[in-house]
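Below you'll find the structure, written out as structure tokens, and then a few comments.
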Amino acid sequence: MSALLAKPSLRHSVSEWNSNNQQLSATAEHERYVSNVIRQEGRSLRNETNCKTTCDDTDTSRRLSDRAWNVARWKETLETCAQKVDEEMDALTLCKEQTEQALAATSVPLEVSSECLTLRDSRRGFELAHDPVDVQLKKEVELIERVQQVLQQCIEKAFEHLCVLQENRHKLTGDIQNKTDALDIDMSCLSLTIKSPQISLKTNPLRIPPGSSTPQEWLQFSQHNVACAQEAMQVSQQMREDMSLTRAQLQNELDSLRRATEFALRKRNHHEEQARDELEWQIKNTEDEIAEMESDIHGLDADLQAKTASLKLAHTRLENRTNRPGMDLCRDEVQYGLVNEVHQLEATIMALKQKLSEAQHSLQKMKLHHSRMLQDLSRKQEALSLEQRSMTTRTRLASPSCSDKTPVLLVPLTNSSGRSNLQLLA
């Protein structure tokens, strides 16, 4: 009852009612059309985006695969270069060790040459001569000292270049490690799919990390590392060739000078033996002459005594005949004969005395010279002994046979790459 009493709402006409119905129908049809268009566009967009996403993912996978192949190729190139650097370091180290051995081997020749000079300085008198052996020995000492200086310089240069190779090896190792890590990351990215559990949205993934490089810079960096390593290896190879050539040339010089010194020493020893033999022959002849001279002096002295006795006899006869009396004190032939005999004996005695003096003076001179020759013979024998000791000392320079060589003690050497196939002489 109360509803009937309520005020009725605004009423519309039939035409309005029909218009409203038509409007609703038209709006419904329009909205359905719009919806249909949107649905078609959505389907088209889905198909298009699905294709685009698939293509992009395929393209990204291809690029990742190409990038991984490129990184792997450069990693292999760097590893090959690093292996060659290691081999060159081994070769240069071995060459350096050989040079060190050559340097150590010069100590014995220098000691021998110095000892020979010291021995020969012990000669005395005229035997202390500045002969060709002295010249050759001093040349040997000078050459050995120069050889030691050159070899030491080679060793220092080799050590410095080993440091350069080591530095390049570290650069290659770092680059290889970086490429290994990058390759692992790219291969991990290549293995990811939309169903992988570890994928998620990230905060600002489009940022550019600090320290990023361009592909050109990346390529130039590896090329530079390889180029520097190759240049260092070329320098090392040339250095090894120069060191080997230098060692050979210096060894040839040492061998040539050693043979010349030994020849001069043998020649000098031969000359000293000849001089000693000649002096011994002279001493023997002088001793024989001294013995004959002493015998002759005894003869002269005996003759002088005999002539003196004859003179005494003549003097006595003359003196006794002066006692004849009267006319018997006659200057007869006996008187003249005795006078002549006295004159003759006095002249003979004077001649004998003069000859005896000359003989004694000559004997004294021969004895003095004999003493000097004995002294010189002693010095010659001493010098000859020193020469023979020098020759014996130089036998230490003879190269031992292979069977006599003592096994060389070796200790392992580990380089920066962790390998221990290098060996050094202990």
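Express in whole angstrom the spacing between the alpha-carbon centres of the range 21-94 and the range 246-275.
One Cα centre to the other: 83 Å.
How far apart, in nm, are two points set 7 Å out from the Cα along the Cα-to-Cβ line at SER188 and at PHE263?
7.7
Calculate, for the chain, the solvent-accessible area per residue in square angstrom, rolling a 1.4 angstrom probe over the heavy atoms of the protein chains.
Value for the chain: 69 Å² per residue.
Testing the spin-label approximation: label points 7 Å from Cα along Cα→Cβ at GLU41 and ARG67. State their distance in nm.
A separation of 3.6 nm, rounded to one decimal place.
Run the dipole for the chain about the Cα centre, Lys and Arg Cβ at +1, Asp and Glu Cβ at -1, nothing else charged, and hand back the magnitude in debye, nearest 20.
2240
Lys/Arg Cβ at +1, Asp/Glu Cβ at -1, dipole of the range 209-331 taken about the Cα centre: which of ALA275, THR322, THR286 is farthest positive-ward?
Of the candidates, THR322 comes out farthest on the positive side.
Along the Cα→Cβ direction, 7 angstrom out, place labels at ALA129 and GLU273. What is the inter-label distance in nm?
With each label placed 7 Å out from Cα toward Cβ, I get 1.7 nm.
Mind pulling the per residue volume of the convex hull built on the Cα atoms of the range 189-298? Å³ is fine.
Value for the range 189-298: 258 Å³ per residue.
When you have a sec, figure out the Kirkwood radius of the chain from all distinct Cα pair distances and drop it here in Å to one decimal?
35.9
P(r) for the range 55-145: what percent of alpha-carbon pairs falls in each 5 Å bin, starting at zero?
3, 10, 11, 9, 7, 7, 6, 6, 5, 5, 5, 4, 4, 4, 3, 3, 3, 2, 1, 1, 0, 0
Only helical DSSP H runs with n ≥ 4 go in: add -39500 (n - 2.57) per run for the chain, normalise by residue count and round the 222 nm mean residue ellipticity to 500 deg cm²/dmol.
My calculation for the chain gives -30000 deg cm²/dmol from helical runs alone.
Under 10 Å, Cα contacts only: if you run a Gaussian network model on the chain, which one of ARG372, ARG331, ARG258 comes out with the highest mean-square fluctuation?
ARG331
If you place +1 on the Cβ of every Lys and Arg and -1 on the Cβ of every Asp and Glu, how big does the dipole about the Cα centre of the range 131-176 come out, in debye to the nearest 20?
Dipole of the range 131-176, to the nearest 20 debye: 240 debye.
Peptides 198-208, 316-326, 100-110: what's the order by average Cβ count within 10 Å, highest mean first?
In decreasing order of mean packing, 198-208, 316-326, 100-110 become 100-110, 316-326, 198-208.
Could you point to the residue in LEU128, SER44, ALA26 farthest towards the positive end of the chain's charge dipole, with +1 and -1 charges on the Cβ of Lys/Arg and Asp/Glu respectively?
Working it through, the farthest residue towards the positive pole turns out to be ALA26.
What would the Debye equation give as log₁₀ I(q)/I(0) for the range 1-102 at q = 0.10, 0.11 Å⁻¹, counting only Cα atoms as equal point scatterers?
Per q value, in the given order, log10 I(q)/I(0) is -0.73, -0.77.
List the extent of the Cα atoms of the range 92-202 along each of their three principal axes, largest first, rounded to whole Å.
Extents along the principal axes, in whole Å: 107, 17, 15.
With θ set to phi - 60°, apply the Karplus curve 6.51 cos²θ - 1.76 cosθ + 1.60 along the range 141-150 and write out the HN-Hα couplings as whole Hz, x wherever there is a Gly or Pro.
Once θ is set to phi - 60°, the couplings for the range 141-150 become 4, 4, 5, 4, 5, 5, 4, 4, 5, 5 Hz.
Can you pull the percent of the chain's accessible area that's carbon plus sulfur, 1.4 Å probe, other chains left in place?
Carbon with sulfur: 55 percent of the solvent-accessible area.
Could you list, in their original order, any pairs among LYS52/LYS202; LYS312/LYS367; LYS52/LYS75; LYS84/LYS157; LYS284/LYS365 whose Cα atoms are separated by more than 26 Å?
Check vs 26 Å cut-off fails for LYS312/LYS367; LYS52/LYS75.
Among ASN21, ASN168, ASN50, whose mean-square fluctuation peaks in a Gaussian network model of the chain (Cα, cutoff 10 Å)?
Taking springs between Cα atoms under 10 Å, the residue moving most is ASN21.
Could you point to the residue in HIS224, ALA158, LEU137 farthest towards the positive end of the range 127-227's charge dipole, with +1 and -1 charges on the Cβ of Lys/Arg and Asp/Glu respectively?
Toward the positive end, the furthest listed residue is HIS224.
Assigning unit charges at the beta carbon (Lys, Arg +1; Asp, Glu -1) and nothing else, what dipole magnitude in debye, to the nearest 20, does the range 99-226 show about its Cα centre?
For the range 99-226, the charge dipole is close to 760 debye.
Mean-square fluctuation check for the chain, GNM, Cα pairs under 10 Å: which of SER295, SER13, SER35 is largest?
Of SER295, SER13, SER35, the most mobile in the Gaussian network model is SER13.
The values are calculated or read from the model by the stated rules, or taken from the named source; none is laboratory data. Predicted model, so just to flag it, every value in this text is computed and none were measured. With ideal geometry, Cβ positions are generated from the backbone for all residues, glycine too; neighbour counts draw on all protein chains shown. Accessible surface areas use protein heavy atoms only, side chains included; no ligands, DNA or RNA. Shrake-Rupley method; radii C 1.70, N 1.55, O 1.52, S 1.80 Å.
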